[in-house]
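S.K.: I am attaching a structure below and will ask some questions about it afterwards.
The values are calculated or read from the model by the stated rules, or taken from the named source; none is laboratory data. Remember, it's a predicted structure, so these values are computed and weren't measured experimentally. Cβ: placed from backbone, ideal geometry, glycine included. Neighbour counts: every protein chain shown. Areas reflect the complete protein model, heavy atoms only, side chains present, ligands, DNA and RNA absent. Shrake-Rupley method; radii C 1.70, N 1.55, O 1.52, S 1.80 Å.
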Amino acid sequence: MADDHTRTEKDRQLDEVRRDHDGAHLTTDQGVKVDHTDDSLKAGERGPTLIEDFHFREKLTHFDHERIPERIVHPRGSGAHGVFECYEDLHELTRAHVFGAAGRQTPVFVRFSTVVGFRGSADTVRDVRGFATKFYTEEGNWDLVGNNMPVFFIQDAIKFPDLVHSIKPEQHHQMPQASAAHDTFWDFASLTPESTHTLLWVTSPRGVPRSYRMMEGFGVHTFRFVNAAGEATFVKFHWRPLLGTHSLVWDETQKIAGKDPDFNRRDLWEAIEQGNHPVWELAVQLVPQADEHAFDFDLLDPTKIIPEEEVPLRPIGKMTLNRNPDNFFAETEQVAFHPGNVVPGIDFTNDPLLQGRLFSYLDTQLIRLGGPNFAQIPINRPVAEVHHHQREGYGQHRIDRGRGSYFPSSLGGAEVATPEQGAYHHYEERVEGAKIRARSDSFDDHYSQATLFWNSMSDWEQQHIIDAFRFELGKVDTMHVRERMVDNLNHVDHRLAVEVAEGIGVAPPERPATDNHGRRSPALSQASQPSSVATRKVAVLAADGVDRSSLQPVLDHLAGAGATCEIVAPTDGSLRCAGDGEPLPVDRAMNTMASVLYDAVLVAGGDDSVEGVRSKGELANWPLEAFKHAKPIAAIGSGVALLHELSLPGVELAGAEGGFVDDAGVVTLVGGGADELSTFASAFADAIAAHRHFDRPLALVRA
Ligand code: HDE
């Protein structure tokens with residue numbers, strides 16, 4: 001629970017419904033105490049169960065009804081509470097109270113998710129991630145329901161069921177789970193060229209985030225800020241993690257999916273429990289209403305970004321997630337987001353994808369949460385007061401008083417307010433046109449920004465994209481689907497199309513479909529993201545005989561920088577240190593963990609310890625696997641010999657004669673005193689902060 005001084009109005013509201021049960025007597029739903037819950041009431045010890053056993057019936061009936069429909073998209077998610085703090089008074093842009101004063105704090109609840117996999121699927125699949133934030137503002141709830149990618153697959157919401165049906169497991173055999181790598185998805189995608197830009201994002205490292213804490217968020221659509229005078233400004237919302245945007249590599253994601261399917265959920269939970277509260281900055285791109293047509297794309301087209309080089313990001317606040325939910329179902333599962341939940345000062349545009357979403361979310365909550373009163377569920381309740389004329393329906397929890405439930409009324413009840421009194425007033429956009437099922441020509445360019453994204457990637461990001469297409473399309477059985485997709489990619493970049501084609505047995509296109517325009521947007525690459533050693537997890541491989549004197553200063557240095565080091569040993573318990581034989585507690589037995597669950601691997605010194613690690617083939621393999629995944633690796637003293645045996649290609653290690661070497665994220669030290677250990681520790685910390693080391697031969701770190 002948040003400390004008293006950080007408690008928000010929402011926390012206080014939730015207090016009213018929190019219940020602790022430790023030490024209490026078990027009761028029925030009616031509050032009657034129960035003396036026995038291990039046997040049903042029977043007619044004789046070996047007789048039939050009696051229908052009058054109200055406790056049995058209630059227990060089983062409740063159990064039978066414990067599932068609610070999972071979300072059709074984004075079923076697998078993880079949530080957290082937090083607070084948003086505004087940097088400055090933005091009243092000239094928007095009348096939203098949340099942005100009305102520097103330092104103003106607003107409670108939030110955030111739910112991160114994958115899109116495609118069912119509720120129990122693995123976290124680390126290749127997918128878009130949801131990033132949905134509910135702001136409990138004093139003027140009502142504002143939901144910013146975004147993704148970790150700034151663009152979407154389709155331009156009109158009417159295509160959403162087609163998109164989702166194509167990517168979900170196939171109709172006849174319900175395979176594959178949580179994966180786009182199958183025929184129906186790529187059939188649809190290859191026939192839907194507007195999806196190309198988003199496909200590049202999904203196949204890039206953004207599709208496999210290291211952590212929810214290291215992921216950007218985007219509102220995707222162009223929204224409007226509206227000030228008290230009714231003047232509007234177009235706005236795009238961006239969440240930027242202070243820890244930087246970082247990703248896994250593909251081989252690693254697949255192994256994690258087996259070793260710890262809850263990898264991202266656990267990471268978020270543990271970070272918050274440890275007080276490592278993740279922080280994102282909210283930034284906006286602002287476009288004056290008059291510049292609506294100033295770009296070479298349509299601001300209403302959700303398959304387009306506004307390049308940051310054209311319209312810079314303006315940071316307007318920061319969000320800190322500081323409390324885990326008390327109960328997953330009550331909070332994370334029942335939270336109901338809706339892009340239509342806006343407050344005065346925030347308005348929509350005619351983006352046809354957004355317009356469709358404004359219908360879909362309310363509709364889906366009705367079936368998922370069983371009726372129209374879901375806004376009364378504690379996690380969904382606004383902190384603003386609610387007064388309306390809706391009294392009935394399933395799950396009514398309030399006792400609304402008064403005689404009528406209508407307006408106008410001369411017999412009492414809630415009255416409408418004016419905008420000056422805080423009422424929502426829709427932006428008065430002028431609209432005219434014929435009724436027509438058609439798309440604007442301004443939505444026609446499906447490739448320029450895909451090319452812009454491709455051009456902006458570093459070598460290792462481009463390689464990730466090529467490998468991803470080879471994997472995804474390599475799982476497609478229908479040859480003409482592979483071919484059509486290569487043809488689409490040939491409109492993005494010729495080399496991309498050729499390299500993908502060569503990997504999947506398709507004849508490479510002979511010439512580009514269009515010339516690459518050569519433009520870049522450096523902000524799109526993850527190559528120069530902020531990064532830090534803070535909250536990174538380091539596996540320290542050790543066994544009996546570990547040399548604590550050389551290890552401890554390194555552990556202290558890393559802990560001081562905010563990393564979490566875990567001693568991983570052949571068995572649980574504690575290790576005998578070399579020399580004094582003092583015990584060193586083991587954090588994890590090797591059979592419960594894996595190299596892929598850590599950011600870095602350190603082989604501790606001590607001849608016996610290294611022999612203990614070496615004798616466990618599996619454990620000795622950890623540095624090799626970490627090397628393949630471009631992770632930092634370090635070894636002290638006799639630990640370096642183990643790395644020599646693994647003959648990590650293309651890097652230099654400290655030799656038997658001693659010394660310190662730091663090469664492509666592999667840091668080794670043989671011999672030396674306190675000064676050398678200190679240099680070693682800070683070099684290892686820097687290597688961890690760099691996240692991954694793609695300066696190793698790329699062929700080795702590829703999937
Ligand atoms: Fe969603 N989306 N979506 N979506 N979406 C849902 O609402 C929908 C889209 C997003 O953690 C559903 O409550 C349509 C874009 C997130 O609870 C549903 C279209 C973006 C979440 C729905 C889109 C999103 C959802 C399913 C095309 C990024 C999870 C359950 C027009 C800007 C929220 C639910 C959570 C969930 C409809 C496209 C983000 C069915 C019709 C674009 C983060 O209503």
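S.K.: So for the pair residue 37, residue 582, with labels modelled 7 Å out along Cα→Cβ, what separation do we get in nm?
M.R.: 4.7 nm
S.K.: In addition: As a test of the formula, what do you get for the chain when each DSSP H run with n ≥ 4 contributes -39,500 (n - 2.57) and the sum is divided by the residue count, at 222 nm and rounded to the nearest 500 deg cm²/dmol? Please list the in-between numbers first.
M.R.: Numbers: 19 runs with 188 residues, N = 703.
Using -39500 (n - 2.57) per qualifying helix, the result is -8000 deg cm²/dmol.
S.K.: Read phi for every residue in region 306-313 and hand back ³J(HN,Hα) as whole Hz from Karplus 6.51 cos²θ - 1.76 cosθ + 1.60, θ = phi - 60°, with x for Gly and Pro.
M.R.: Once rounded to whole Hz, the list reads 9, x, 4, 6, 8, 10, x, 7.
S.K.: Under 16 Å from the 7 Å Cα→Cβ point of residue 614, by amide nitrogen: which residues of region 635-650?
M.R.: Residues 635-648 fall inside that zone.
S.K.: How large is ³J(HN,Hα) for each residue in region 237-252, as worked out from phi by the Karplus curve 6.51 cos²θ - 1.76 cosθ + 1.60 (θ = phi - 60°), to whole Hz, x for Gly and Pro?
M.R.: Karplus-based 3J(HN,Hα) across region 237-252 equals 9, 10, 9, 10, x, 5, 7, x, 9, 9, 10, 8, 9, 4, 4, 4 Hz.
S.K.: Work out how much length residue 495 to residue 514 would gain on full extension: take 0.36 nm times their residue separation and subtract the Cα-Cα distance, in nm to one decimal. Don't jump to the answer; show the numbers that get you there.
M.R.: Details: separation 19, 0.36 × 19 = 6.84 nm, distance 1.20 nm.
Additional length available on full extension: 5.6 nm.
S.K.: Moving on. Can you give the net charge of the other residues whose Cβ lies under 15 Å from the Cβ of residue 76, counting K and R as +1 and D and E as -1? Before the final figure, lay out each step's value.
M.R.: Working: positive: 67, 71, 111, 119, 126, 129, 168, 265, 266, 368; negative: 70, 123, 127, 260, 262, 267, 333.
Residues near residue 76 contribute +3 overall.
S.K.: Using 25 Å as the Cα-Cα cut-off, could you pick out the over-long pairs in 255/616; 259/631; 10/59?
M.R.: Details: 255/616 20 Å; 259/631 18 Å; 10/59 32 Å.
Result: 10/59 exceed 25 Å.
S.K.: Specify the inter-centroid distance of region 595-667 and region 240-309, based on alpha-carbon positions, in whole Å.
M.R.: 33 Å
S.K.: Which cross-chain or sequence-distant (5 or more) residues have an amide H under 5 Å from the amide H of residue 667, H modelled 1.01 Å from N in plane?
M.R.: The list, which skips near neighbours in sequence, is 633, 634, 635.
S.K.: With a 10 Å radius around each residue's Cβ, average the other Cβ atoms per peptide and rank 594-601, 175-182, highest first. Intermediate results must be reported in sequence, preceding the final value.
M.R.: Numbers: 594-601: 23.4, 175-182: 18.1.
Highest-to-lowest ranking by the protection proxy: 594-601, 175-182.
S.K.: Send over a whole-number figure in Å² for the accessible area per residue of the chain, probe 1.4 Å.
M.R.: Numbers: 31950 Å² over 703 residues.
About 45 Å² of surface per residue is accessible.
S.K.: Multiply the residue separation of residue 574 and residue 170 by 0.36 nm, subtract the distance between their alpha-carbon atoms, and state the gained length in nm to one decimal. Walk me through the numbers before you get to the answer.
M.R.: On the way: separation 404, 0.36 × 404 = 145.44 nm, distance 4.94 nm.
Working it through step by step, the gained length comes to 140.5 nm.
S.K.: Along the Cα→Cβ direction, 7 angstrom out, place labels at residue 434 and residue 21. What is the inter-label distance in nm?
M.R.: 6.4 nm
S.K.: In addition: Name the long-range amide H neighbours of residue 575: under 5 Å, sequence gap of 5 or more, or other chain; modelled H, no Pro or chain starts.
M.R.: Sorted by chain and number, the residues that satisfy this are 584, 586.
S.K.: Now, a different point. Highest first, please rank the peptides 397-406, 380-389 by the mean number of other Cβ atoms sitting within 10 Å of their residues.
M.R.: 380-389, 397-406
S.K.: In percent, how large is the relative contact order of the chain, given Cα pairs closer than 8 Å and 6 or more residues apart? Numbers along the way, then the final one.
M.R.: Working: 1393 pairs, mean separation 81.1, N = 703.
Taking the mean separation of contacting Cα pairs over the length of the chain, I get 12 percent.
S.K.: Can you list residues whose amide H is under 5 Å from residue 541's amide H, if they're 5+ apart or on another chain and H is modeled 1.01 Å from N?
M.R.: Placed amide hydrogens put 568, 602, 603, 604 under 5 Å from residue 541.
S.K.: Additional query: Tell me the accessible surface of residue 483 in square angstrom (1.4 angstrom probe, heavy atoms of protein chains only), to the nearest ten.
M.R.: 90 Å²
S.K.: For region 481-495, what does the Karplus curve 6.51 cos²θ - 1.76 cosθ + 1.60, with θ = phi - 60°, yield as ³J(HN,Hα) per residue in whole Hz, taken in order and with x for Gly and Pro?
M.R.: Working through the residues one at a time gives 6, 4, 5, 5, 5, 4, 4, 4, 5, 5, 7, 8, 7, 5, 4 Hz.
S.K.: Let me ask something else about it. Report the antiparallel proportion of the DSSP beta bridges in region 603-703 as a percent, rounded to a multiple of 5. Numbers along the way, then the final one.
M.R.: Working: 6 of 11 bridges.
So the antiparallel bridges amount to about 55 percent of the total.
S.K.: Between residue 559 and residue 679, what length in nm is gained on full extension when 0.36 nm per residue of separation is reduced by their alpha carbon distance? Write out the running numbers ahead of the final one.
M.R.: Values: separation 120, 0.36 × 120 = 43.20 nm, distance 1.56 nm.
Contour length minus Cα-Cα distance gives 41.6 nm.
S.K.: Across bins of 10 angstrom width beginning at 0, how are the C-alpha pair distances of region 531-700 distributed, in whole percent?
M.R.: Whole-percent P(r) values from 0 Å outward: 11, 45, 38, 6, 0.
S.K.: Work from the charge dipole of the chain (Cβ charges, +1 for Lys and Arg, -1 for Asp and Glu, about the Cα centre) and give the residue of 230, 635, 597 farthest towards its positive end.
M.R.: 230
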